[in-house]
Amino acid sequence: MKLFLFLLLFIFSLNSCESTKTSVDKPSFDFLVGEWIITNEKSDRKTFESWKKVDKNTFLGCGFTIKNNDTISQEHLTITKIDYKWILIVNLEKLKTR
């Protein structure tokens, strides 16, 4: 009977030591959701980004830079999971130059 209890406790303790997947294995980009102002920009420019979560595997963003009250660059961003890998897709819009 003591041997049975010992084996049962031993098996139970091995099972409790089994490692589990942590958040490191599952990156989260939820922190991006919302409005952002880029602070390391040149003094004559301001850059903004806006992000929203579409579903657990897709985030959409839009970024633009303003100089002298004129938009000088704009980009549409997508972060999505494809084949278990996170991918960043950036589409730049060509703006008119004066």
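The numbers here are math on the coordinates, done by the rules we state, and not lab data. This structure is a prediction, so every number in the text was calculated from the model and none was measured. Here the Cβ positions follow ideal geometry from the backbone for every residue, glycine too, while neighbour counts run over all protein chains shown.
Values computed for the structure shown
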{"read-out": "Cross-link table 53/81; 46/85; 26/52; 52/85; 26/46, entries beyond 23 Å C-alpha to C-alpha", "value": "46/85; 26/46"}
{"read-out": "Within-13-Å neighbourhood charge of residue 47 [Cβ basis; K, R +1; D, E -1]", "value": "-1"}
